[in-house]
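What follows is a single structure, written as structure tokens, with notes after it.
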Amino acid sequence: MKTRAIAVMRNNDRGHYTVPTHGLYPFQWNWDSALSALGFAHFDEPRAWTEITTLFAHQWDDGMVPHIIFHQEDDGYYPGPDVWQTGRATPTSGITQPPVAGFAVRRIFERAKDSALAREKAKALLPKIHAWHQWFYTMRDPQKTGLVAIIHPWESGRDNAVDWDEAFARIPTDGVGPLNRRDTSHANPEHRPTDEQYKRYIWLVQRFRSLGWDNSKLHDASPFQVVDPGFNGILIRSCADLAMVATALGETEIATQSRALADRGLAALETLWSADHAQYLCWDRAIGTAIDSPSIGGLLASFAPIPPQRAATISTRINAIAETCAYVVPSHDPTHPAFDALRYWRGPVWLIVNFMIANGLQNAGQTGTSERVMQDCIRLIDESGFAEYYGPHDAEPCGGDQFTWTAAMVIEILNIQRAKAA
Ligand code: GLC
């Protein structure tokens, strides 16, 4: 299985970055790259560092790291650079994605065989990742709540999650021309977001574009401002992990600042806990209400060093969900009316999210659930190969095929399982 996973990664390798998969996603994506680097690190450490270094070579001056980097022209994806118009030398999108690079860098750094190379690369990345984290707390938390908002569903990485439905219904669609969707010719339209959702995605892009992509304006100008516990959990974890790398490299100022960001975020995350749902929930900042949607975003927060009793409750909740489907962790609660088993982030299982949940639960001492989640990942691959995502009832492979980050997670998980067995 590992050999097959490496072949998938090599096939999608474009030298200094990887594409998520052929066809559907022909450029570099932000959190795909950071997570894929974990896979590379097991068989090609220099290549792992290159993946993340390339990503940060396209960081904006204000600190943002964009969600897509359009390294080469390819009309197989919409919306392309002509829609974003961010004015970058190498075109990029104008929004960001879950900041998992701090976590990835610590993991690759600490287990590196070539420690001289690791020190050199981590030292160069450290201030850049820190600047990105600071950018979040400046630009996406102007009221200093300790929690950052996303201003476009694509930033969450969970594009069409049920979580966004109500907030998204308030987004207009006027002025959006005909869509030129390409995703539906690469993948089954039944498994993809709807045209109505796409119009709103594009409306937001046009709104931000009209403000010249000036991040000091975008948060307040966006009618979509949602605080996602999963996203914040990833940011908190990355700040905490970056503090560890900074300490190891003698960069005490970055270490202290990163630790403080993580602590403040952790304290604020508590405000998103829902005792009724036994998990965290999103918060609609634009109208000041909790979003009553039991999605995987509220379980993914366990990637952060949350209080042990919260991790224990989330672990129990995942075991309860496991009674309702054959493979955990579905991206939405299967007993909820909006659950849609095969539609992208509204039900299917994604290996990257599973890996992060398993990792967080392991750290919190929830070993049994962590192992169950990882075992289900391996069962999915056995059944259905390296798909983009999977049906939680029958392992149906969905979306794109031969997926880079799916393969990277398999390499990670096989390694963890081997180390445990030894
Ligand atoms: C989809 C996913 C997003 C991912 C991208 C590339 O947009 O929702 O999380 O980064 O594809 O794989």
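Every test in (1) under 24 Å from residue 28 (Cα atoms); (2) crowded, with 24+ Cβ neighbours inside 10 Å is passed by residue 385 save one, and that test is (2). Residues in the stretch 321-354 that are among the polar types (S, T, N, Q) and touching a helix residue (DSSP H, G or I) at 6+ places or on another chain (Cβ under 8 Å): 331, 354.
Of note, residue 197 satisfies the criterion of being within 16 Å of the ligand (Cβ to nearest atom) and touching a residue at least 12 places away in the same chain (Cβ under 8 Å). Going by the conditions given, is residue 112 among the hydrophobic types (A, V, I, L, M, F, W, C) and either in contact with a Phe, Trp or Tyr (Cβ under 8 Å, 6 or more places away or on another chain) or within 14 Å of the ligand (Cβ to nearest atom) (or both)? No. For beta carbons closer than 8 Å, sequence separation of 6+ or different chains, a first residue in the stretch 159-174 that is under 19 Å from residue 344 (Cα atoms) and touching a residue at least 24 places away in the same chain (Cβ under 8 Å) and a second that is more than 16 Å from the ligand (Cβ to nearest atom) and not in a loop (DSSP other than H, G, I, E, B), the qualifying pairs are 166/284; 167/284.
Can you name the residue in the stretch 197-221 that is within 21 Å of the chain's Cα centre (by Cα) and among the hydroxyl-bearing types (Ser, Thr, Tyr) and is also surrounded by the most Cβ atoms within 10 Å (Cβ to Cβ) among such residues? It comes out as 198. The set of residues in the stretch 12-50 being among the acidic types (Asp, Glu), outside any strand (DSSP E or B) and away from the ligand (no atom under 14 Å from the Cβ) consists of 44, 45.
So is residue 194 polar (S, T, N, Q), more than 21 Å from residue 311 (Cα to Cα), surrounded by fewer than 14 Cβ atoms within 10 Å (Cβ to Cβ) and in contact with a helix residue (DSSP H, G or I) (Cβ under 9 Å, 6 or more places away or on another chain) or not?
On the way: polar (S, T, N, Q): yes; more than 21 Å from residue 311 (Cα to Cα): yes; surrounded by fewer than 14 Cβ atoms within 10 Å (Cβ to Cβ): yes; in contact with a helix residue (DSSP H, G or I) (Cβ under 9 Å, 6 or more places away or on another chain): no.
Spelling it out, it is not the case that residue 194 is polar (S, T, N, Q), more than 21 Å from residue 311 (Cα to Cα), surrounded by fewer than 14 Cβ atoms within 10 Å (Cβ to Cβ) and in contact with a helix residue (DSSP H, G or I) (Cβ under 9 Å, 6 or more places away or on another chain).
May I ask you to list the residues in the stretch 1-11 that are closer than 25 Å to residue 375 by Cβ, over 19 Å from the mean Cα position of the chain (by Cα) and not in a loop (DSSP other than H, G, I, E, B)? If the condition is that a residue be closer than 25 Å to residue 375 by Cβ, over 19 Å from the mean Cα position of the chain (by Cα) and not in a loop (DSSP other than H, G, I, E, B), then 2, 3, 4, 5, 6, 7, 8 are the ones that fit. Residues that are on the phi > 0 side of the Ramachandran plot and within 11 Å of the ligand (Cβ to nearest atom) within the stretch 147-187 comprise just one, 157.
More than 14 Å from the ligand (Cβ to nearest atom), surrounded by 20 or more Cβ atoms within 10 Å (Cβ to Cβ) and small (Gly, Ala, Ser): is that true of residue 370 in this structure? Considered against the rule, which asks whether it is more than 14 Å from the ligand (Cβ to nearest atom), surrounded by 20 or more Cβ atoms within 10 Å (Cβ to Cβ) and small (Gly, Ala, Ser), residue 370 comes out as yes.
Pull up the stretch 132-146, narrow it to residues that are part of a helix (DSSP H, G or I) and among the hydroxyl-bearing types (Ser, Thr, Tyr), then point me to the one that is nearest to the ligand (Cβ to nearest atom). Before you say what the answer is, go through the steps one by one.
Within the stretch 132-146, the subset part of a helix (DSSP H, G or I) is 132-139.
Keeping just the survivors that are among the hydroxyl-bearing types (Ser, Thr, Tyr) gives 137-138.
Values: 137: 22, 138: 24 Å.
Selected residue: 137.
Each reported figure results from applying straightforward, stated rules to the coordinates on display, with no laboratory input. Since the model is a prediction, treat every value here as computed from it, not as a measurement. A quick note on method: Cβ atoms are made from the backbone with ideal geometry, for glycine too, and the neighbour counts reach across all protein chains shown.
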